[in-house]
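Enquirer: There's a structure below that I have some questions on.
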Amino acid sequence: MGQTRGIYASIVLIMLMAPLVSSSISVDSSRRGGLDFNGDWVASVEPEIHFEWWLDWSRDKDGNSIDDRLEWLILQPSEIQNQWWKRASSGYARVFIDYDHHPTDADISALEELNVEVTFRFSYLDTVAASAPFDSILGPDGILSLPGVVMIEDLGLAEPNMHQAVPNMGVDVVWNDLGLDGTGAVIAVLDTGVRGDHEGLNDMDDDPFTCIDEPPDPLDPNPEPIPADCDPKIIAFFDAVFTDQELDPSESYDSGTHGTHVAGIAAGSGGGQVDPTTGEKYVGAAPGAWLINILACCDGDIEDIMQGAQWAIDNKEKYGINILTSSLGEQQFEIHVDNDGSSAWSRQMDAVVEAGIITTLSAGNEFGGATFAGCNTIDSPGDAALPVTVASLDKDLGLAIYSSRGYTSDLRVKPDVATIGSSIMAPDAATNDGYTSKSGTSMATPLMAGIAALMVQANPDITPSEFKDIIAAYSIEREIVLLDDPGFNDCSVVETRPDNEFGYGQADPIVFVEVAGSIDRSLNVTMDIDTLQVIQNQSQITGIASGLPSGSEGRVEVRVGGAEWREAKDESNDGDWTSWSILLEPHNNSGNTTIFARLYLDDDHISPIDAKRVILIDEVATNQEKGLNEESLLIVLFGALIFLVPVIGVAIYFNRRSIWSATSDED
């Protein structure tokens, strides 16, 4: 009872202090930064939500600006240190060095004078990753003596959060009722890698001969090489562990098995082996979505994952990244109560969201169902403020015993939402066509990412904050039923929404998608193009639409890739857009993209989007492909003749008159 009163008292105290804290944050926000080693003032690049986070960081309980875990590790035997800091020499620790400003070249030089090896400089954090000698961490003239250094964090290790989701969650209702499968969305998988030659991940349609007119003769003793598939699912591959560079996506691989499984749950096509009992395919939540493989775990350390996240931010526009999903968590020495969202990893994931990328993270598998001990076990970076943190359900939709629960150590409620994560069949990286079952918040998280892809197809303009708002408002509210909970473990001191077990509740895909797209099922639109159709520059697209009320101000809109929506031309006789056309603007980049069409009545009434993957080429469209067929050309020529004949006649008349006048003058 005393413990409960203490918690209540803490909550009240925080509520009383909140106005003071918020006012202090906004006082000097335009001057967030500090002096570098040369004495020059340099601005901070981090969002205001992390202003002076180091003043009350939960992992620095003694307030000496050194991560408590780092201090503990330095005192441990070398065997433990070598296992934890795999990339550091003996007597060195792997650390994040945090500044009150964005570190400059002068700051880096000062670190190097202390024999600190800087291994990565982050673009969106006031932080560098480094290997530092123990004496530079603990000594009075070490790192903390340098201008602007506010914290030295342990740079730990990551691990995967592991321990018939589609129909049970209702994802197939989105496919069947709205015709949406994630087409056009791009999901970046920040994980152990993705096996690109798996039958469920190697292309979009499970047909290796999609763009080949004549499939090879199986009896030919010397067959021609099969060209690369023209509809690959994996469109980019960045290796943050071994080469630190972007590689050919056709060479995509998994350094473990976890990332392939995750990718298949989010967007697998279902190619390969099927359910031996029912013959059904193991299809991911958004089989029409593209994937990006960011190989970032787990042969190195957390720096690799954060580097991969930075690559996603830097390449958002290049590859059209809408969503990033990561099912990785920090390795722990003990059950922890020190995750307040301020670690470098958590702040980096906030930066991904700030860049406009919907981000889903796993809550962790710290056995939240364990009585008392299961509370306050949200993993870093699942404690980050801006991403959506996902809890796991069993297939009967009960809360999984392993799923971590809140609060965070700064008393925020987490997770945000719950989806199925137990016994999920998805691609097995050990084979090129097999499937295997895994459980964990690792599996729940990409399912939520796949649902996000369906929402992106319904509304390509959706923002991360709108995505999170929809989850908050439209999740199916759930409460922990103690008799069904193995640990009788209700982690919410006061029952609120969200709570510390389900977050805002159970994901509701069909409602999420309809709200995201403001979908009115009475409105419909269809383009007259086929999947993977070759589209030339300035081609004309035609289509049909239905459901628009008579006399309304609706319109058909079309967009190509990430471009702006453009209004089409109403070709109908009655002004109801039953037939329409649009001349596409010249495109700058050829290759695979998506064309979207929608029938727009108002902000609350929009048709389900028709989205088609196409191949843009640089060749300029012919007149016929621009919509000028032979009949329309004859009409144009006839009209021109009608206009030109009188003009020519008048010109001839005046020319002859001038000749007659000249002749008369001579006479």
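The values are calculated or read from the model by the stated rules, or taken from the named source; none is laboratory data. Fair warning: this is a prediction, and the values are worked out from it, not measured in the lab. Reconstructed Cβ throughout: ideal geometry from the backbone, glycine too, with neighbour counts over all protein chains shown. Remember, those area values only see protein heavy atoms, side chains included, never the ligands or the DNA or RNA. Shrake-Rupley method; radii C 1.70, N 1.55, O 1.52, S 1.80 Å.
Enquirer: If I go through segment 291-328 residue by residue, how many of them are more than 11 Å from the chain's Cα centre (by Cα), open to solvent by 10 Å² or more (accessible area, probe 1.4 Å) and closer than 17 Å to K233 by Cβ?
Expert: 1
Enquirer: Give segment 531-543 a look and list any residue that's β-branched (V, I, T) and either surrounded by fewer than 18 Cβ atoms within 10 Å (Cβ to Cβ) or not in a strand (DSSP E or B) (or both), or say none.
Expert: Start the filter on segment 531-543 by keeping residues that are β-branched (V, I, T), which leaves 531, 534-535, 541-542.
Hits for segment 531-543 are T531, V534, T542.
Enquirer: Does segment 555-567 include one or more residues that are more than 17 Å from D528 (Cα to Cα), at pLDDT below 95, assigned to a helix (DSSP H, G or I) and open to solvent by 60 Å² or more (accessible area, probe 1.4 Å)?
Expert: No, there is no match, as no residue in segment 555-567 is more than 17 Å from D528 (Cα to Cα), at pLDDT below 95, assigned to a helix (DSSP H, G or I) and open to solvent by 60 Å² or more (accessible area, probe 1.4 Å).
Residue-wise test of (1) more than 13 Å from V42 (Cβ to Cβ); (2) among the hydroxyl-bearing types (S, T, Y); (3) assigned to a loop (DSSP other than H, G, I, E, B); (4) out of contact with any His (no Cβ under 7 Å at 6 or more places or on another chain).
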{"position": "I97", "(1), (2), (3), (4)": "yes, no, no, yes"}
{"position": "H102", "(1), (2), (3), (4)": "no, no, yes, yes"}
{"position": "L111", "(1), (2), (3), (4)": "yes, no, no, yes"}
{"position": "T119", "(1), (2), (3), (4)": "yes, yes, no, yes"}
{"position": "L125", "(1), (2), (3), (4)": "yes, no, yes, yes"}
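Enquirer: Evaluate the following for S145: is it of a type in the set (G, A, S) and farther than 24 Å from G329 by Cα?
Expert: Numbers: of a type in the set (G, A, S): yes; farther than 24 Å from G329 by Cα: yes.
Yes, satisfied.
Conditions (1) at pLDDT 90 or above; (2) touching a strand residue (DSSP E or B) at 6+ places or on another chain (Cβ under 9 Å), marked per residue:
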position	(1), (2)
I143	yes, yes
G148	yes, yes
M162	no, yes
M169	no, yes
D172	yes, no
D177	yes, no
G184	yes, yes
E199	yes, yes
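Enquirer: Please enumerate the residues belonging to segment 417-452 that are closer than 13 Å to V189 by Cβ and assigned to a strand (DSSP E or B).
Expert: Answer for segment 417-452, where residues must be closer than 13 Å to V189 by Cβ and assigned to a strand (DSSP E or B): A426, P427.
Enquirer: For segment 374-395, how many residues are out of contact with any strand residue (DSSP E or B) (no Cβ under 6 Å at 6 or more places or on another chain) and modelled with pLDDT under 85?
Expert: 2
Enquirer: Also: Tell me which of these R87 doesn't satisfy, since it passes every other one: (1) open to solvent by less than 50 Å² (accessible area, probe 1.4 Å); (2) among the basic types (K, R); (3) farther than 24 Å from A355 by Cα.
Expert: Status for R87: all satisfied but (1).
Enquirer: Shifting gears a bit: Please enumerate the residues belonging to segment 118-147 that are among the small types (G, A, S) and surrounded by fewer than 22 Cβ atoms within 10 Å (Cβ to Cβ).
Expert: Looking only at segment 118-147, we keep the residues that are among the small types (G, A, S), and these are 123, 129-132, 136, 139, 142, 145.
Passing the criteria: S123, S131, G139, G142, S145.
Enquirer: Show me the strands (runs of 3 or more DSSP E) entirely contained within segment 309-373 in which 3 or more residues are at pLDDT 95 or above and closer than 25 Å to S422 by Cα. Quick ask: steps written out before the conclusion?
Expert: Values: elements: 323-326, 328-330, 358-362.
Ranges flagged: 323-326, 358-362.
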